[in-house]
Each structure stands twice: as C-alpha cells, then as structure tokens.
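Heads up: the structure comes next, in structure tokens.
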Amino acid sequence: MSTYGNSASVELTRATPPLWACIMLGVGLIVIALLVLADVAFFTLVSTIFIGWMAIAAGVFEIGHAFWTKGWGEFVWQIVLGILYVAFGIVLITQPVISALILTYILALMLILSGIIRFMIGVKHWRQSGWIILLSGVFGVLAGLIVLTGFPASGLWVLGLLLGIDLLSHGLGWLTYALHPATRTA
C-alpha cells in the first residue's frame, strides 16, 4: 500500500543518457579539443570573436528589455548598458588580436586577485583543511603571473589553450562517466 506522501515507498529513478551518447560526446569533445590545441592562436581569435558576438546579443537584449520594462524607472541606464555591450562586442569582433590581448590581461589580473583571496581564505580556515584553498590560491597567483610575464605574447595563445584544456577535460569527464561500471545498466 502506497500513499502519496510516503517517500519510503516511492522509488525515484533518474534518467541517464545512453552509453553510446556519453561515449560519442566524450570522443567528440576530445577531438575538438585536439583541434583547438593544435592551433591555440587561431582559436584564441575565434574565442574572442565569439565573445564579441555574445556581447552584441546581450546588448541587443538589454536594449529590448529597456523598452519592454519602461515602467521600472531605469530605462536610460539599461539603454546605456545595452549600447556599451554592443560597442564592446563590435570592438572584439573588428579588432580580435588587440581584444585577445586585453581579455588575456584581464584574465591574468583576475587569476591573481582570486588567488590572493583564496590564499587569505585558506589561511583563515587552516584548521578546516584550509591548506587546500591556500594551495589553490597559490596556483591561481602563479597562473596569473605566468600569463603576465609572458604578456603580450601570451595574449595570442592563452585563451585558445584554456579553451582546449577545458574541452579536453570535459570530454575525458564524459568518457570516464560512460565507462564507469556504476553508470552501466543491464
């Protein structure tokens, strides 16, 4: 006998993707990652242009939202923000090399800043395994410094390299998931 509120008698099943789909996704991502890693400079520019198009789309939506929600009282600021997004996107698309340098420089500064913050959090929480956070902070600072010391040349390959590494790890993650015995059902 089962009742609606009795959670013990309700068996929850989660849908898992088919094994072949996980393997195809993993292999596909790994192949794309290898293509990206084979020419990181080209894909740095591709990434910059993609970010530019996304900024333009965000700006257009922001401007549209401003007209749609005029009663919110922030119409002018939403229009200004939308125009800034569009202008930023146009610069990224029309000047991808300079834009890649700027994005890489900002990324390096963000890595250093986030590393410093994680370092301080790690020190504060040392007794609760804070050393892991501290170590993560050290790696963040070092990564940022590596990018900055190689600047401006690093601006021509860093974004493509990070994209390739991300795609590779994502693909390996899907393959690991697909090939793990617990994910296979009979």
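The values are calculated or read from the model by the stated rules, or taken from the named source; none is laboratory data. What you see is a predicted model, and the numbers here were worked out from it, not measured in a lab. Don't worry about glycine lacking a Cβ; one is built from the backbone with ideal geometry, like all the others, and counts go over all protein chains shown. Note: accessible area is taken over every heavy atom of the protein model, side chains too, but ligands, DNA and RNA are not part of it. Shrake-Rupley method; radii C 1.70, N 1.55, O 1.52, S 1.80 Å.
Worth a mention:
- Test: residue in the stretch 65-80 that is of a type in the set (Val, Ile, Thr), in a helix (DSSP H, G or I) and crowded, with 17+ Cβ neighbours inside 10 Å: no
- Scanning the stretch 168-175 turns up no residue that is farther than 17 Å from residue 43 by Cα, open to solvent by less than 90 Å² (accessible area, probe 1.4 Å), among the hydrophobic types (A, V, I, L, M, F, W, C) and modelled with pLDDT under 85.
- For the stretch 119-172, the tally of residues that are under 24 Å from residue 102 (Cα atoms) and either assigned to a helix (DSSP H, G or I) or not aromatic (Phe, Trp, Tyr) (or both) stands at 29.
- Taken together, 93, 132, 121, 32 contain a single residue that is surrounded by 14 or more Cβ atoms within 10 Å (Cβ to Cβ), free of Cβ contacts under 8 Å to residues at least 40 places away in the same chain and more than 16 Å from residue 154 (Cβ to Cβ), which is 121.
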